[in-house]
1. Can you work out which of the residues in the stretch 214-225 that are of a type in the set (A, V, I, L, M) and more than 21 Å from the chain's Cα centre (by Cα) is most open to solvent (accessible area, probe 1.4 Å)?
2. Could you grab me the full set of residues in the stretch 307-336 that are out of contact with any strand residue (DSSP E or B) (no Cβ under 8 Å at 6 or more places or on another chain) and under 25 Å from GLU422 (Cβ atoms)?
3. Name every residue in the stretch 196-213 that is modelled with pLDDT of 80 or more and within 12 Å of the chain's Cα centre (by Cα), in order of residue number.
4. Can you tell me which residue within the stretch 71-113, out of those that are part of a strand (DSSP E or B) and of a type in the set (Ser, Thr, Tyr), is least open to solvent (accessible area, probe 1.4 Å)?
5. Kindly check whether there is at least one residue in the stretch 32-40 that is modelled with pLDDT of 70 or more, open to solvent by 40 Å² or more (accessible area, probe 1.4 Å) and either basic (Lys, Arg) or in a helix (DSSP H, G or I) (or both).
6. Considering the stretch 171-195 alone, what residues qualify as being open to solvent by 60 Å² or more (accessible area, probe 1.4 Å) and over 15 Å from the mean Cα position of the chain (by Cα)?
7. Regarding PHE314, is this residue open to solvent by less than 20 Å² (accessible area, probe 1.4 Å), over 22 Å from ARG427 (Cβ atoms) and part of a helix (DSSP H, G or I)?
8. Just for the stretch 408-435: of the residues that are modelled with pLDDT under 85 and over 35 Å from the mean Cα position of the chain (by Cα), which one is surrounded by the most Cβ atoms within 10 Å (Cβ to Cβ)?
Amino acid sequence: MRYPRRRLFWRIYLFGLFLVCLATLAVVATTILVQPESRYHGRPERLHQVLAAELEPLLGRPEALEAGLRRLAGALERSAAIYDRDGTPLARTGGAPPVPLTAEELAKVGGWHPLHRQSDGWVHAVALGGPDGAYLLVQGAEAGFAGLLIALAAVLLVVALASWPLARAFARPLERLTATAHRLAAGELSARSGLVRGDELGDLSRSLDEMASRLEHRIRAEKELFANLSHEIRTPLARLRVALELLEDVPGDFEETLDRLQGVGADLTELERLVDNVLINSRLDLIGRVPDQHFLQRRPIDLNEVVTGVLERFARYHPEQRLDAEIAGALPVAWVDPAQICRVFDNLLENAVKYNRNATPLRLTAGSDTGRFWFEIEDAGEGVPPEDLEQLFDPFFRSHRCRSRQTGGSGLGLTISKRIVEAHAGRISARLNPAGGMTFRFEIPTLSPSLHA
């Protein structure tokens, strides 16, 4: 599979370089603005005043003026010269003293900004002895544009090299997350990013890995469900085929025919329950995604009649299993969907029968308090590990897989029960019994939704 190019990396990297370029332009612009002849350059008034104060008293004394100029120029480490207004040199020092000013340049003597000359570069012109007197020229420093450009190029190169690992540090985890998402989309459900970070990318990585784990578990469970369903459906179908063949052999034996027809009815009931569980779970999934779907058909129902019907069905389908029922007083009328509530009863009882020990009676208790109805079914089976209690109501989850394969079922009964109870604004739970086995309990409000709200 071809993955997109590393666009984010280049965006981060080039954006960093862009910021460096902006900073470089700002430095260059500032350097240009503060050149000696720029209007923004600082004025060396005090330097000019000191030079004038030191040299003006020495005018007319050539030796003293020469010595004073040499001393000041040496302190400044610059070449310097003093000229009369007609260009006559009065004192000169340094390796390359500035040449006299032209007539146009003489008009600028006394200004605080230096003069730029082709031959001497930058020179400071200081008036000595008034506007028509002598003047001092001090060689200035060159701007050094070549050095500036070399320094800026070096800075840009260093920043470009240093920004590379920084940009990679940002882009690499995102590329890894993208690659993991592509692998998941391609059907590789075991793909994980494996990023361990303490920032937002770490949170995103953990969320992606957790989503992938749940997706892998859900799809694997669905595949196992369909494998189990094919096995569960094949068994009653085989029995139906055998029963029909036997019916053809004894067409005149009424009692034997009736017995075999009852077996056919039981097999059809088992098939209907398997298919119905899958269909109702799919419908509940759809309702969860589309909130405006109306699933419950609520109406006032006498819970005494509901529980009585549940006990009669249980005795008819499980005559070999003893069930001790304890009803705490008369049950109220509840505003529920009777078909779905009966499904919860039947699912919990079927689950208890599957995992109960032989010859050990089940215990059913039911009762009501203010505005609520509760129901419990207790078995004496092996129970489940404590860490599996939170997952018992997850779709397709089965604890003790080898035993579940023997007992059969779709793995959706408890999930469907939980969704129905919660649709009635109730709650369902499971707990381990101290003496072994499990107890399932659910509670639902008995008032109508409008009154309950």
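The values are calculated or read from the model by the stated rules, or taken from the named source; none is laboratory data. Here the structure is a predicted model, which is why all the values come from computation and not from measurement. Note: ideal-geometry Cβ built from the backbone for every residue, glycine included; neighbour counts use all protein chains shown. Note: accessible area is taken over every heavy atom of the protein model, side chains too, but ligands, DNA and RNA are not part of it. Shrake-Rupley method; radii C 1.70, N 1.55, O 1.52, S 1.80 Å.
1. ILE219
2. Within the stretch 307-336, GLY309, VAL310, ARG313 meet the criteria.
3. GLY202, ASP203, LEU204, SER205, ARG206, SER207, LEU208, ASP209, GLU210, MET211, listed by residue number.
4. Going through the stretch 71-113, the residues part of a strand (DSSP E or B) turn out to be 80-83, 89-93.
From what's left, of a type in the set (Ser, Thr, Tyr): 83, 93.
Details: TYR83: 4, THR93: 22 Å².
Ranking the candidates gives TYR83 first.
5. Scanning the stretch 32-40, I find no residue that is modelled with pLDDT of 70 or more, open to solvent by 40 Å² or more (accessible area, probe 1.4 Å) and either basic (Lys, Arg) or in a helix (DSSP H, G or I) (or both), so the answer is no.
6. ARG172, ARG183, ALA185, ALA186, GLU188, SER190, listed by residue number.
7. For PHE314, the condition - open to solvent by less than 20 Å² (accessible area, probe 1.4 Å), over 22 Å from ARG427 (Cβ atoms) and part of a helix (DSSP H, G or I) - is met.
8. GLY409
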